[in-house]
Every structure is written in C-alpha cells, then in structure tokens.
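These notes concern the structure reproduced below.
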Amino acid sequence: MTISTTNEPLEPVAVPAFEDNYIWWLAGGDGRVTVVDPGEAGALLDRLRARSADLAAILVTHHHGDHTGGIEELAEAFPGCEVIAPRDPRIPGVTRPVGEGDRVDTAGRAWTVWAVPGHTRTHIAFLGGGLLLCGDTLFAGGCGRVFDGTFGQLAGSLRRIAALPGTTRVYCAHEYTLDNLGFAAWVEPGNPAIARRRTEVAALRARGLPSVPSTLATERATNPFLRTGEPAVLSAAEAWAGHPLGGADAVFRALREWKDRDYD
Ligand code: ZN
Ligand code: FE
C-alpha cells in the first residue's frame, strides 16, 4: 500500500452516466469533492454518501441536459455547494456565473476559464494544473457537433486548445473515441498513429476501461479536427466537398459536415 505524502490533488475519476457520458469526479486534498457536468445525480450521491464526502463545487461546461440534469438534486443534497457555470439562463441553480479569464479555485487546483464557443455559443472549458476539462468541445479523436454556436467559433476554439502543451491531459465528457477514430481513419487512411490508437483504444474498451483522458499530443497526431492544416486532411476534405477549400475554417467545416452527414 502506498501512502501519499503530498497534498497533490488526485487525477479525476470517471463516473459513467447515461450511454456514454463521463461525469468527472475531482477529489481535492481537503477531502472535498468537485464534479464536472453532472447530467444525473444518482451515482454521484451514492458515491458521496459511501465516502461521507462533502460536495464543494459543481463545474459546468455548457447547458445541455446530459451535463446539467443532476445539478438541482445535488445542490439540494449539498446546499453549501457552489455551482460554477457559464452565464446562460438555460443552466439551473448557478451560484457563480463565470466567463473568459475568470479564475476558479477548487479540487486543489487553480483553474482558468476559457470561453470555447461552437458546440454551443456559451460553452466554457476549465484549464488547470495541466488538465483541460472541455465538455463537448474537443473529444478524444473528434469534436462536438455545432448546435447553437457556429462552425467558425468551434474551429477557433479548437485552434486555441490545440496550441496548449502536448502534455495537457484532455478530459472530455463522452466516450466517443472509437467511433471518432473510425472517421479519422476515413480522413487519413495512411496515418499510422491513427491505426495504432484505434488498436489501443479498442483494447481499453474491451476491458471496460475509459479511453479518456488523452493528451493533446495524441490529439494533434490523430484527431482530424486538429489537423486541418495537414495536406492529407485538406485533400480528403476537398475530395468530399468536391471543390477546393480556402483556409482552415473551410476545411474544418467540411470535415464536421462530412462526419455529420456521411459517417454517423
Ligand atoms: Zn453537449
Ligand atoms: Fe454531451
């Protein structure tokens, strides 16, 4: 048995919800817990009670129900808990609305809030201690669909994320990785890093293990939505579109529409 001698915060733990959501559970050094995007409350309440733990905060990346459906039940059970979320009236129970550049201290880490619109127009991410909590913006091997944001916004948000250090650990909110990598292999059949990653992720999933987190270095090597500047990605996107594409945003949009219409 290893006894921790530091107050280093632990790595987030995936609490599965619905078909393919992950609610991230972050235990701070003080024994208080922060959760991210609780689409439902049941499994979290069981886990909190089993540990006699206190819920310090709920972090929310965007308003979709599979990320917010458990907020009110959790806040009722833990009235002292902060609900930290984007400024958006569609999110219930928010005690602390945050936006671009705000700082949040919870779970033993200092987080910076980034506005990352595109999947939705008010989507945010939390960046802290080498971790990125990015909801449905960047997925392992893919990215979110465009709902009430725009393609240009999502392309810009992903470009900004892509410039983070390669060691950044990416905690997204869904287990979509194998499906995403199938599309990645359509786009770049000749990319060996994608083939290798498919094998690795398939092995993890066969054992019932999450494929999340990934690292930004892995995403840059295998995720077509971060590879719009690669000649192979450009020519695949142009072949699908049937005409030349001018610039990274146009390539991004063609990839996103290609996956939406013809892949899944
Ligand atoms: Zn969503
Ligand atoms: Fe979602």
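Side notes on the structure shown:
- This model, with +1 at the C-beta of Lys and Arg and -1 at the C-beta of Asp and Glu, gives region 125-264 a dipole about its Cα centre of some 380 debye.
- Share antiparallel - DSSP beta bridges, region 1-115, percent rounded to 5: 55
- Protection-proxy order for peptides 83-94, 167-178, each taking the mean of Cβ atoms within 10 Å per residue, highest first: 167-178, 83-94
- Cα-only radius of gyration and Dmax that characterise region 147-264, units Å: 14.1, 43
- Highest-first arrangement of 133-140, 51-58, where packing means the average Cβ count within 10 Å: 133-140, 51-58
- Ranked by the mean number of other Cβ atoms within 10 Å of their residues, highest first, the peptides 226-232, 241-247 fall in the order 226-232, 241-247.
- Rounded to 5, percent antiparallel among DSSP beta bridges of the chain: 60
- With all projection directions averaged, the alpha carbon convex hull of region 98-139 covers 2.9 nm².
- Sequence-distant contacts, meaning Cα pairs under 8 Å at least 6 residues apart, place the relative contact order of the chain at 13 percent.
- Convex hull volume of region 21-142 per residue (C-alpha atoms, cubic angstrom): 98
- Cα long-axis angle, helix 177-187 against the chain (0 to 90 degrees, to the nearest 10): 20
- All Cα-Cα separations within the chain were binned at 5 Å from zero, giving a P(r) of 1, 6, 13, 17, 19, 16, 12, 8, 4, 2, 1, 0, 0, each value a whole percent of the pairs.
- Region 14-151, accessible area per residue, ligands and nucleic acids excluded (1.4 Å, Å²): 37
- Angle in degrees between helix 151-162 and the longest Cα principal axis of the chain, rounded to the nearest 10: 70
- Paramagnetic reach from Arg196 (point 7 Å along Cα→Cβ, amide N under 18 Å) across region 146-172: 166-168
- Alpha carbon centroid spacing (whole Å) that separates region 29-59 from region 172-244: 32
- Axis angle, to the nearest 10 degrees, between helix 192-206 and the longest C-alpha principal axis of the chain: 40 degrees.
- The fraction of accessible area contributed by carbon and sulfur in the chain is 53 percent, rounded to a whole number (1.4 Å probe; ligands and nucleic acids excluded).
- Whole-angstrom Cα spans of region 80-187 along principal axes, big to small: 48, 30, 22
The values are calculated or read from the model by the stated rules, or taken from the named source; none is laboratory data. No experiment lies behind these values; they were computed from the predicted model shown. Neighbour counts are summed over all protein chains in view; Cβ atoms, including those assigned to glycine, are modelled from backbone coordinates with ideal geometry. Side chains included, ligands, DNA and RNA excluded: accessible areas come from the protein's heavy atoms. Shrake-Rupley method; radii C 1.70, N 1.55, O 1.52, S 1.80 Å.
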